[in-house]
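The structure under discussion appears below in the form of structure tokens.
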Amino acid sequence: MADKKISKPKLSKFEIWSMSMGFLGIQMGFALQNANASRILQTFGADVEHLSWFWLVAPITGMIVQPIIGHYSDNTWTRLGRRRPFFLAGAILASLGLILMPNAGMFAAFLPALWVGAGMLMIMDASFNIAMEPFRALVADKLPSEQRTEGFSVQTILIGFGAVIGSFLPYAFTNWFGLGGETAEGEIPLALIVSFVLGAVILIGTILWTVTTTKEYSPEELEKFDDHVEDTEEEKASLSDIFKDFANMPKTMRQLGLVQFFSWFGLFSMWVFTTPAIAESVFGVEPGDTSSLLFNEAGDWVGVIFAVYNAVSAFFAFFLPKIAKKIGRKKTHAYSLIVGGLGLISFLFIKNQYLLILSMVGVGIAWASILAMPYAILAGSIPAKKMGVYMGIFNFFITFPQIVNGVFGGPIVKYLYGGHAVYALVTAGVFFLFGALAVMRVDDVDEVVKEA
């Protein structure tokens, strides 16, 4: 006779927040990368139409790394558990990348600084992926179904707080501590270097908080819980099973894949092209100018408005569980993407740097939902024993649109948009609107069960 299944115990607010605290540091580092990688690469000599090609290393490494990390974290059990060893290792590697990327000029005697900078971008993103995927799976492992929306919303709040700090640091060090100013050709501002080093320190600290305060359920304990989808076949531990799992992914995951494509294609455009877009359209910087005071001011302002959208996402995430409970997760996500899309489209019409803050409020609402709703919808359709690998496979629908954008985004800006990067942001907004339409066709298994 089979053992009677039991429900997972609900966790306290402290436990829910502590288990995701590492996301604060991860997103701080991720925000430093997103807001400043293009600026750093341009300073080292990259042309604007080639930026998206350099950014390709990020989604490609993510596409490869996350399913593998998910597979091995599903089939690993150590004294630290099965998820914690991976995000601890990822945090250490990401911290090294954060320290070395803005200091790539030190290696100029051996390799061009641009190559080293691009290499550090790859290392950082691979490391962020190693750290992030197990965090997503940890929420699904630890929380009962009725707390998962809250769990992913807490991650979004911490992501927002971390990103606000990371995005704002270069501006603060420049304007409050006097570390900015005009730089020599090919030289990274001191404010940026200090920001990246501080980001590395906080990343390690927050990951250690989660590692020391969170206990994981063993594989045997997970089998006793009743709130997961059972596997139809005997579980295998072969890495090659990732391809079979991909082919047999749940229907809900396939439907969410289209939503993710539109969302992340748009986000990639925003991260890559916001600096050259507002440098030209708002600050009046001449194309090719990457060392003037005005260009550095534009780069710092990108950090400020990126901090705004992340702050808004952290605030809005507090309300996501209540909104989703009232109108459903699909409508919540659709409305959020619409608001974000309109915010990105408005970049075409705004010429005042301070009005861009209003645009980023809409982006922040969309970002909060992108980080929470798809995962909350997805978790209920995944077998518990494959939570890690399927969360990793789900990353394919994040990385693939970025790769497509990375290959074609630069040539589109150069040949179709005449080198005016602001039109890439308009395209991003339109893709958000497509995503809003696509999410309404998704089957939310958990909500169907609750209504039955």
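The values are calculated or read from the model by the stated rules, or taken from the named source; none is laboratory data. All of these numbers come straight from a predicted model, not from anything done at the bench. Positions of Cβ are generated from backbone atoms using ideal geometry, with glycine treated the same way; all protein chains shown enter the neighbour counts.
Inside segment 320-333, can you point out the residues that are surrounded by fewer than 23 Cβ atoms within 10 Å (Cβ to Cβ), in a helix (DSSP H, G or I) and touching a helix residue (DSSP H, G or I) at 6+ places or on another chain (Cβ under 7 Å)?
Of everything in segment 320-333, those that are surrounded by fewer than 23 Cβ atoms within 10 Å (Cβ to Cβ), in a helix (DSSP H, G or I) and touching a helix residue (DSSP H, G or I) at 6+ places or on another chain (Cβ under 7 Å) turn out to be 321, 323, 330.
Please work out if residue 294 is surrounded by fewer than 23 Cβ atoms within 10 Å (Cβ to Cβ) and more than 29 Å from residue 196 (Cβ to Cβ). Before you say what the answer is, go through the steps one by one.
Working: surrounded by fewer than 23 Cβ atoms within 10 Å (Cβ to Cβ): yes; more than 29 Å from residue 196 (Cβ to Cβ): no.
No: the conditions fail for residue 294.
From (1) farther than 27 Å from residue 396 by Cα; (2) crowded, with 18+ Cβ neighbours inside 10 Å, pick out the condition that doesn't hold for residue 10.
Unmet for residue 10, out of (1) farther than 27 Å from residue 396 by Cα; (2) crowded, with 18+ Cβ neighbours inside 10 Å: (2).
Among (1) part of a helix (DSSP H, G or I); (2) at pLDDT 85 or above, where does residue 447 come up short?
(2)
Select from segment 345-365 the residues that are over 18 Å from the mean Cα position of the chain (by Cα) and assigned to a helix (DSSP H, G or I) and list them in ascending order. So that I can check it myself, show each step before the final result.
Taking segment 345-365 as the starting set, the residues that turn out to be over 18 Å from the mean Cα position of the chain (by Cα) are 345-359.
Result: 345, 346, 347, 348, 356, 357, 358, 359.
Considering each residue of segment 69-103, count those that are among the polar types (S, T, N, Q) and part of a helix (DSSP H, G or I), and give that number. Outline the logic, then answer.
Here is the first cut: in segment 69-103, the ones among the polar types (S, T, N, Q) are 73, 75-76, 78, 95, 103.
This time we only want the ones that are part of a helix (DSSP H, G or I), so: 73, 95.
Qualifying residue count for the region: 2.
For every residue, the table says whether it meets (1) at pLDDT 75 or above; (2) surrounded by fewer than 16 Cβ atoms within 10 Å (Cβ to Cβ); (3) farther than 13 Å from residue 133 by Cβ.
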residue	(1), (2), (3)
60	yes, no, yes
66	no, no, no
69	yes, no, no
75	yes, no, yes
84	yes, no, no
96	yes, yes, yes
100	yes, no, yes
103	yes, no, yes
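Restricting attention to segment 59-74, does a residue exist that is free of Cβ contacts under 8 Å to residues at least 60 places away in the same chain and charged (D, E, K, R)?
No: zero hits.
If a residue counts only when it is under 25 Å from residue 102 (Cβ atoms), at pLDDT below 80 and not hydroxyl-bearing (Ser, Thr, Tyr), which helices (runs of 4 or more DSSP H) contained entirely in segment 132-231 have at least 1 such residues?
On the way: elements: 145-175, 190-213, 219-223.
Once the helices (runs of 4 or more DSSP H) in segment 132-231 are filtered for at least 1 residues that are under 25 Å from residue 102 (Cβ atoms), at pLDDT below 80 and not hydroxyl-bearing (Ser, Thr, Tyr), what remains is 145-175.
Specify the residue that is nearest to residue 33 (Cα to Cα); the eligible residues are those in segment 112-150 that are crowded, with 24+ Cβ neighbours inside 10 Å and free of Cβ contacts under 8 Å to residues at least 40 places away in the same chain.
120
Just checking, does segment 371-394 include any residue being surrounded by fewer than 21 Cβ atoms within 10 Å (Cβ to Cβ), without any contact (Cβ under 8 Å) to a residue 24 or more places away in the chain and of a type in the set (D, E, K, R)?
no
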